[in-house]
Structures are given as structure tokens and as C-alpha cells.
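The numbers here are math on the coordinates, done by the rules we state, and not lab data. Computed from a predicted model, the values in this text were never measured in an experiment. So basically every Cβ, Gly included, is an ideal-geometry build from the backbone, and we count neighbours across all protein chains shown.
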Amino acid sequence: MASGTAVTSKILKNVLFLSLMISVISYQFEVGEEKGWVRPTGNEPETYNEWAARNRFRIGDSVYFKYQKDSVLVVNSADYLNCNTSNPFSKFDDGNTVFRFDRSGFFYFISGQSGHCKSGQRLIVRVMHPSEVESPESSPSPGGDGGWDSDDWGPPGISSTTRLTVASYFMTALAGMLVILYLFM
């Protein structure tokens, strides 16, 4: 009986360690940042797709939709283009939706509210294939040989995605310390 408890304990420790490793390498992006998932008014500085284009999504990352009196539909490309809400793969209407990317490729999101998609409340996310992901050490600087001193390159600004990333790293580090304490007690 004691060996069964030891095996169960080892399995739980491995599952906890694997969960910790997955959380270290994934990010949660906040769709719409401070405003959330809302019907565009035309005064926004960028569309949802412009926002998605300036981010790099990887398998394991997730997008967070914050909304009220609305919904998020995951649809195919044809339903995205036609704003067809009648045949979604998935529908979420809880106001706080986290959608995790489990594969590379394109993901299509639209609002389930009448008229919202045609007003621009829709999003295409392209999740990179693992072969496309380069380590930061091997990536060339976007400014050519100018590096940090060029006019078009510098440290990124702080956005809600950056804040979520920092919070995620902090929580992951805290969880890691708890795991280590647990393993050695």
C-alpha cells in the first residue's frame, strides 16, 4: 500500500511540474485590451485584426475576451467572411472567455450579436507553426545594423499583454517555488 501512495505522489508531482512548464511557455493575450471585446465605433486606433497582426501567437497561447451582453463564436473562414452566426464550432457567452490555441493555423472569431460582425467585431488569429518560432538570440534586429540606436527599433511599450505576461511570469515563479518546497518537504 505504501508503494501505491508513493507512485500516486510521484504522478501528481509530474503532472504539477508539466503544468508549470506549460504555463511558463504560453501567454494570454487580452483581445481589445482595456475596452475588451466590443462593437467598434469607428474611433478605435486599430481594428481587432490589426491588433492580431502585431502579435505573435504560438501553440499553447490563449486569447482572453472580456465582454458584456455579447458572445464569441469560433467559426470557419467562410462564416467569418459572411458574418454567419448560425454554424459556429464553439459559442461562448459568459463574459469572460479564454480560448487556448491547441494547433497552428488560422482561428476565426466573430461576435454572435446581430450586426456586430459586419461592424468589425471579428478577429483572425494566425498561430505559428513550431518550425516558424525562432529563439530571440537567433533573430536579426528589425532595424538592420542600427540595433537599439536606430529610429525604428527600441524596447516595446507596455500594453495589457505585457502586463499579463509579467503577472504570468510572477505567478509561475511563485508556483515553481511552492512546487520545489513541496518536493523537498
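Across segment 66-80, computed HN-Hα scalar couplings (Karplus, 6.51 cos²θ - 1.76 cosθ + 1.60, θ = phi - 60°) run 10, 7, 9, 6, 8, 7, 10, 10, 9, 10, 7, 5, 5, 5, 4 Hz from first to last residue, x flagging Gly and Pro.
Given a Förster radius of 35 Å and the C-beta distance between Phe184 and Ile124 as r, what FRET efficiency does 1/(1 + (r/R0)^6) yield to the nearest 0.05? Mind dumping the intermediate values first?
Working: r = 47 Å, r/R0 = 1.33.
After rounding, the FRET efficiency stands at 0.15.
Segment Asn84..Lys69, full-extension length gain: 3.5 nm, with 0.36 nm per residue of separation and the alpha-carbon distance subtracted.
What the phi angles of segment 116-123 give under the Karplus curve with 6.51, -1.76 and 1.60, with θ = phi - 60°, is a coupling list of 5, 4, 5, 7, x, 7, 8, 8 Hz, glycine and proline written as x. Using only the Cα atoms of segment 95-135, construct the convex hull and provide its projected area averaged over every direction, in square nanometres to one decimal. Reported value for the Cα convex hull: 4.1 nm².
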